[in-house]
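What follows is a set of notes on a single structure, which appears directly below.
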Amino acid sequence: MITTNGPYRFMLTITPKYEISDNQMIQCTNLLLHFINRRLYGNKYGDNKRGLTGFIAAERQNKRSLNSECHTDINKMRKHLKFGSKQPPLHFHLLIKEDEKNSDFTTAQFRRFVAKHARKITRESSNGSYFNVFDVNGIDVTEIYDVNGISEYIAKNLENNESSSIHPFDFGGFCFIAEEIRR
């Protein structure tokens, strides 16, 4: 399914800065996609049915995968995060299809672009102050050269019960039901 719907430009990994609920992570990631789409495709991107498209996989790392090579960047970043629970945080991998709006970005430029919009997303804490949901340390962008390798990576995570499922996303965002994400 993934390989036949390309070509893809980037894999974007998004991890929260602090502990938030799965539903909040879903809402905040959709809001991030909204900000990105509005900037790339204009304020009426939804009316024009234009925006980033691709597939998204939810992942909750188990202890074994926290030490695997495929999560090296996330592991480096985790020491900066503040999580109180023992449950690994939910994070997303987005496979973004190539189109005329993202084809001129370098990997570093797209990462900075995403980080700029991620800083706009805040939530209220229990003490009434606001915090940024995402941090630049929790955003990783990888240019996709081998769609088969990326597909195998996503499929491996499904087999290991580290991902709940893969959903398509488009200009309207995506819809995960938090209860369907495996623990």
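If Thr72 passes every condition in (1) buried (at least 18 other Cβ atoms within 10 Å of the Cβ); (2) polar (S, T, N, Q); (3) at pLDDT below 55 but one, which one does it miss?
Of everything listed in (1) buried (at least 18 other Cβ atoms within 10 Å of the Cβ); (2) polar (S, T, N, Q); (3) at pLDDT below 55, Thr72 misses just condition (1).
Conditions (1) in contact with a Leu (Cβ under 8 Å, 6 or more places away or on another chain); (2) modelled with pLDDT of 90 or more, marked per residue:
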site	(1), (2)
Ile96	yes, yes
Thr107	no, yes
Arg111	no, yes
Arg119	no, yes
Thr122	no, yes
Tyr130	no, no
Asp135	yes, no
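Which one is surrounded by the most Cβ atoms within 10 Å (Cβ to Cβ) among residues in region 27-68 that are within 25 Å of Arg123 (Cα to Cα), β-branched (Val, Ile, Thr) and at pLDDT 90 or above?
So, considering only residues that are within 25 Å of Arg123 (Cα to Cα), β-branched (Val, Ile, Thr) and at pLDDT 90 or above, the one surrounded by the most Cβ atoms within 10 Å (Cβ to Cβ) is Thr29.
Sort out which residues of region 154-174 are in a helix (DSSP H, G or I) and either modelled with pLDDT under 65 or surrounded by fewer than 16 Cβ atoms within 10 Å (Cβ to Cβ) (or both), and write them in order of number. Outline the logic, then answer.
To start, the set of residues in region 154-174 that are in a helix (DSSP H, G or I) comprises 154-159.
Within region 154-174, Ala155, Lys156, Asn157, Leu158, Glu159 qualify.
The values are calculated or read from the model by the stated rules, or taken from the named source; none is laboratory data. If you're wondering where the values come from, they're calculated on a predicted model, not measured in any experiment. All Cβ positions, even for glycine, are placed from backbone atoms using ideal geometry, and neighbour counts span all protein chains on display.
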